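Asker: Dumping the structure here so I can ask a few things about it.
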Amino acid sequence: MHQTTLGYKNYSHLALNDRIKIEILSKEGYNQSSIAAAIGRSQSTVSRELKRNQPPKNQVKYNAEQAHNRSSDRKFSAAKKERLKDPLIREYVYVKIKIGWSPEQIAGRIPTDHPKLKTNHESIYQYIYKNQRDLIPFLPRRHRIRRKRGLKNKSRVGKIPDRTPIENRSNIANTRSRIGDLEIDTLGSRKSKQCVQVIVDRLTRYTHINLLKDKSANEMMDKAVECLKMLPVDMRKTITFDNGTENAGHMRLKTELGINTYFCNPYHSWEKGTVENTIGLIRRKFPKSTNFSTVNNEKLKELEVQLNNRPRKCLNYMTPIEIMKLCTS
């Protein structure tokens, strides 16, 4: 098992992000021991993953999404007995699934809200698929992995002036041991110029969601400055970007707010995995087909409140706002 900086234990099985890293590093020619070191796992874990979830005979290369689906399918078919016999658990599951909680979050949180009740996420999944199929549309969506998009790294990086690579970010920021180390990204669609800015604290997962009138560098930094200047100085120490041109004005955050800015390596989205995961949660409410010109800021702020009051496995099923209060008290 792994240990986070908050002292919480995480399950040791591989997540989709781990498998994406394995796929990319495998394609780049890394051996199993190097891949294991890069993702913080043992070599046997990587070896077992490549053997158990290897592609079909007519497909040569390991594929992260397919491997993750195969692993999930094995878990879903592992047991057949009747699930969730307790009517109180069924009612709790029904209410929480409806407001967007995942089965894993429900299973982790239910002992806190109802100390005498206990279940697990696999039982919830099996119950929904067999007995409560009207809840299936409320389950989390699976995310498609990004394709490698050629050799555009150099030209893309060159468009960001005064860019500091993520390798120069301090170790204390890398280890999630304090509040104030942020990640930022945007999501939008082809149906509108309007898009959404997402800023997340790496330690607490506390999220800020802002509506942008377009994806220009000026609008991006105007909204970021407006949002972050409302925070205390010790809650805005560093911020990590990708290499999109909308981030070209990043130095405003340093000159106006004193925030140190860092950039991921091109197409290495996992280097800002906290905001990527948060965007995945937001996409459940606003999928890629969303026309953001029809979405007002009030709707986004409602979702912001919901996410900040949503229990997270990585926080030992506490909510971001609960962790924020603990760290600032």
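Asker: Output yes when any residue across segment 292-301 is assigned by TED's automatic domain parsing to the domain that holds Ser189, farther than 14 Å from Ile179 by Cβ and touching a helix residue (DSSP H, G or I) at 6+ places or on another chain (Cβ under 9 Å), and no when none is.
Answerer: Among the residues of segment 292-301, at least one is assigned by TED's automatic domain parsing to the domain that holds Ser189, farther than 14 Å from Ile179 by Cβ and touching a helix residue (DSSP H, G or I) at 6+ places or on another chain (Cβ under 9 Å), which makes the answer yes.
Asker: If you check every pair at least six apart or on different chains, which have Cβ atoms under 6 Å apart with a residue in segment 7-25 that is under 29 Å from Leu326 (Cα atoms) first and a residue that is in a loop (DSSP other than H, G, I, E, B) and at pLDDT 90 or above second?
Answerer: Tyr8/Asn316
Asker: Do any residues in segment 316-329 that are farther than 19 Å from Arg236 by Cβ and at pLDDT 95 or above have Cβ atoms under 7 Å from those of residues that are assigned to a loop (DSSP other than H, G, I, E, B) and of a type outside the set (Ser, Thr, Tyr), where the two are at least six apart or on different chains, and which pairs are they?
Answerer: From segment 316-329, the pairs are Tyr317/Pro311; Met318/Pro311; Thr319/Asn309; Thr319/Arg310; Thr319/Pro311.
Asker: How many residues are within 25 Å of Asn17 (Cα to Cα) and not charged (D, E, K, R) when one looks only at segment 291-320? Please lay out each step first, then the result.
Answerer: Within segment 291-320, the first condition is being within 25 Å of Asn17 (Cα to Cα), and the residues that meet it are 303-304, 306-320.
Now drop any that are not not charged (D, E, K, R), which leaves 303, 306-309, 311, 314-320.
Here the count works out to 13.
Asker: Residues in segment 183-212 that are buried (at least 20 other Cβ atoms within 10 Å of the Cβ) and without any contact (Cβ under 8 Å) to a residue 60 or more places away in the chain: how many?
Answerer: Selection size over segment 183-212: 2.
Asker: Please report, ordered by residue number, the strands (runs of 3 or more DSSP E) entirely within segment 193-272 with at least 1 residues that are closer than 28 Å to Ile24 by Cα.
Answerer: 195-201, 238-241, 260-263
Asker: Right, here's the next one. Filter segment 222-256 for residues that are out of contact with any Asp or Glu (no Cβ under 8 Å at 6 or more places or on another chain) and of a type in the set (Val, Ile, Thr); which is surrounded by the fewest Cβ atoms within 10 Å (Cβ to Cβ)?
Answerer: Among them, the one singled out is Thr255.
Asker: Being assigned to a loop (DSSP other than H, G, I, E, B), free of Cβ contacts under 8 Å to residues at least 40 places away in the same chain and assigned by TED's automatic domain parsing to the domain that holds Thr245: is that true of Arg176 here?
Answerer: Answer is no for this residue.
Asker: On the basis of being on the phi < 0 side of the Ramachandran plot and assigned to a strand (DSSP E or B), does Thr278 make the cut?
Answerer: no
Asker: Take Glu219 and decide whether it is out of contact with any Ser or Thr (no Cβ under 9 Å at 6 or more places or on another chain) and either among the acidic types (Asp, Glu) or surrounded by fewer than 20 Cβ atoms within 10 Å (Cβ to Cβ) (or both).
Answerer: Taking the combined requirement at face value, the residue satisfies it.
Asker: Another question, then. Restricting attention to helices (runs of 4 or more DSSP H) lying wholly within segment 50-166, give those where 2 or more residues are at pLDDT below 90 and surrounded by fewer than 17 Cβ atoms within 10 Å (Cβ to Cβ).
Answerer: Output list reads 64-76, 121-131, 153-157.
The values are calculated or read from the model by the stated rules, or taken from the named source; none is laboratory data. Source: prediction; values computed, not measured. Neighbour counts run over all protein chains shown; Cβ positions are idealised from the backbone, glycine included.
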